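Participant: There's a structure below that I have some questions on.
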Amino acid sequence: MVRLLDADPDLGALLNDSRRDQAERELVVRSHRLPVGPWDVSRLAGATADHVGLLIIDGILSRELVVADHVSAELLGPGDLVRPWQPASRTGLLPVDAVWTVLSPLTVAVLDRRFAAEVTRYPEITAALFDRLSERSLRLATTQAISQLTRVDRRLKALFWHLAERWGRVSGDGVIVPLALTHRILGQLVGARRPTVSTALSELAEREELVRRPDGSWLLRGDPPDAESLARKPSSGAAAARAQDLLRPARRFDREGGGSTSSGEVIAAIDRLREALEPGQLRELLERRRAEEPEGIDPDDDVA
């Protein structure tokens, strides 16, 4: 049993001093500790409608929504209110499954029907919980917008600065994001394949903009991206230069390569090219390359 406002003091931000003291004494809830690994929420299916939910006190939780073979992830942490017994999809028109995974040891406060009755005396706390739900919705919308940026390296950089808003801490070398996120989860967050994410992370590390630390956390260097750097259409000169840089590695996939390049590297290179260019730019670039090829050489042999 824990005092809710001791475990999450920000929930009482709207209370005056006297009401806060009273709420600290009266709002006592149960807490549970969950270990790292998959979380089977099927046993929570019997939760009644008057059960408010589970409030995360400590730790990191991921919710993955699966549509066919595509997965979208959401990261949840201290202060988030979850109701994992809710079905991922309330209709049968689109099959959606939810998978919950504890990424670091999780502590949740159980806001059950007893709490629901007691908190009616404190509408300020109810308002604070509604604010948390609104903030979560905004974070989801922001992550969705990030996943639509061109180029995966831009998406990753924007994502980590977005995560730094909540979890980051400033150090002498930059901003540390203490989340041990795998390339797979990062791909689910930004809407990209894992090999493409690995390639983009290598590029960011080479530019010393994002570096993985030995403990699994991440170090952000430099300044947060501005609207111009994330714009869909860079200057024509910059776009052409980057497109040429991306096409050069394709030469490695020609007849002289002897098949030494793995299919994963080929897919990653193609994905990078697609992410770098707007629709129509790829065709224009290929036509230009064909015009530049010497006679007797089929340009299609060099471009995957």
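Participant: Scan the range 208-223 for residues that are surrounded by 13 or more Cβ atoms within 10 Å (Cβ to Cβ) and either within 15 Å of the chain's Cα centre (by Cα) or modelled with pLDDT of 90 or more (or both) and jot them down.
Facilitator: Within the range 208-223, Glu209, Leu210, Val211, Arg212, Arg213, Ser217, Trp218, Leu219, Leu220, Arg221 qualify.
Participant: Name the one entry in Thr107, Thr143, Thr126, Thr120 that is out of contact with any Lys or Arg (no Cβ under 6 Å at 6 or more places or on another chain), open to solvent by less than 30 Å² (accessible area, probe 1.4 Å) and of a type outside the set (A, V, I, L, M, F, W, C).
Facilitator: Thr143
Participant: Go through Leu156, Leu179, Leu186, Leu138 for me and flag whichever is within 30 Å of Asp50 (Cα to Cα) and either in contact with a helix residue (DSSP H, G or I) (Cβ under 8 Å, 6 or more places away or on another chain) or not in a strand (DSSP E or B) (or both).
Facilitator: Working: Leu156 fails: within 30 Å of Asp50 (Cα to Cα); Leu179 fails: within 30 Å of Asp50 (Cα to Cα); Leu186 fails: within 30 Å of Asp50 (Cα to Cα).
Result of the check over Leu156, Leu179, Leu186, Leu138: Leu138.
Participant: Tally the residues that are of a type in the set (Lys, Arg), in a loop (DSSP other than H, G, I, E, B) and under 20 Å from Arg166 (Cβ atoms), restricting the search to the range 191-234.
Facilitator: Start the filter on the range 191-234 by keeping residues that are of a type in the set (Lys, Arg), which leaves 193-194, 207, 212-213, 221, 232-233.
Going one step further and asking which of them are in a loop (DSSP other than H, G, I, E, B), we end up with 193, 207, 213, 221, 232-233.
Keeping just the survivors that are under 20 Å from Arg166 (Cβ atoms) gives 213, 221.
Of the residues in the range 191-234, 2 are of a type in the set (Lys, Arg), in a loop (DSSP other than H, G, I, E, B) and under 20 Å from Arg166 (Cβ atoms).
Participant: Could you check, for the range 44-57, whether at least one of its residues is under 15 Å from the mean Cα position of the chain (by Cα), closer than 19 Å to Trp167 by Cβ and without any contact (Cβ under 8 Å) to a residue 60 or more places away in the chain? Give the derivation first.
Facilitator: Taking the range 44-57 first, the residues under 15 Å from the mean Cα position of the chain (by Cα) are none.
For the range 44-57, residues under 15 Å from the mean Cα position of the chain (by Cα), closer than 19 Å to Trp167 by Cβ and without any contact (Cβ under 8 Å) to a residue 60 or more places away in the chain: absent.
Participant: Is at least one residue of the range 86-102 assigned to a helix (DSSP H, G or I) and closer than 22 Å to Glu165 by Cα? Spell out the reasoning first.
Facilitator: Filtering the range 86-102 for residues assigned to a helix (DSSP H, G or I) gives none.
Scanning the range 86-102, I find no residue that is assigned to a helix (DSSP H, G or I) and closer than 22 Å to Glu165 by Cα, so the answer is no.
Participant: Hey, another quick one. For the range 27-43, how many residues meet the condition of being over 26 Å from the mean Cα position of the chain (by Cα) and of a type in the set (Gly, Ala, Ser)? Show your work before the answer.
Facilitator: Let us first name the residues in the range 27-43 that are over 26 Å from the mean Cα position of the chain (by Cα), namely 27-31, 43.
After this cut, where a residue has to be of a type in the set (Gly, Ala, Ser) as well, the list is 31.
Total satisfying the criteria: 1.
Participant: Do the conditions hold for Ala238, that is, is it assigned to a helix (DSSP H, G or I), on the phi < 0 side of the Ramachandran plot and at pLDDT below 90?
Facilitator: Numbers: assigned to a helix (DSSP H, G or I): yes; on the phi < 0 side of the Ramachandran plot: yes; at pLDDT below 90: yes.
When the stated conditions are applied, Ala238 passes them.
Participant: Restricting to the range 1-57, give me the number of residues that are of a type in the set (Lys, Arg) and not in a strand (DSSP E or B).
Facilitator: First, the residues of the range 1-57 that are of a type in the set (Lys, Arg): 3, 19-20, 25, 30, 33, 43.
Checking the rest, the ones that are also not in a strand (DSSP E or B) come to 19-20, 25, 43.
Summing the residues that are of a type in the set (Lys, Arg) and not in a strand (DSSP E or B) in the range 1-57 gives 4.
Participant: Name the residue that is farthest from Asp131 (Cα to Cα), counting only residues in the range 51-74 that are surrounded by 14 or more Cβ atoms within 10 Å (Cβ to Cβ) and of a type in the set (Asp, Glu).
Facilitator: From the range 51-74, those surrounded by 14 or more Cβ atoms within 10 Å (Cβ to Cβ) are 51-66, 71-74; that's our starting set.
Next, from what is left, pick out any that are of a type in the set (Asp, Glu): 58, 64, 74.
Numbers: Asp58: 19, Glu64: 23, Glu74: 18 Å.
My answer is Glu64.
Participant: If the Cβ limit is 6 Å and pairs must be 6+ apart or interchain, which residue in the range 2-31 that is free of Cβ contacts under 8 Å to residues at least 24 places away in the same chain pairs with which residue that is open to solvent by 20 Å² or more (accessible area, probe 1.4 Å) and among the basic types (Lys, Arg)?
Facilitator: Short answer, once both residue conditions are applied: Glu24/Arg3.
Participant: Also, I was wondering about something else. If you take the residues in the range 146-189 that are within 13 Å of the chain's Cα centre (by Cα) and hydroxyl-bearing (Ser, Thr, Tyr), which one is least open to solvent (accessible area, probe 1.4 Å)?
Facilitator: Only one residue tops the list, namely Ser147.
Participant: Name the residue that is most open to solvent (accessible area, probe 1.4 Å), counting only residues in the range 28-50 that are closer than 19 Å to Leu129 by Cα and at pLDDT 90 or above.
Facilitator: Across the range 28-50, the extreme among qualifying residues is Arg30.
The values are calculated or read from the model by the stated rules, or taken from the named source; none is laboratory data. Since we're looking at a predicted model, the values are computed, not measured. Because the Cβ atoms are built from the backbone with ideal geometry, glycine has one as well, and the counts that use them run over all protein chains shown. The accessibility values were calculated without ligands, DNA or RNA, using every heavy atom of the protein model including side chains. Shrake-Rupley method; radii C 1.70, N 1.55, O 1.52, S 1.80 Å.
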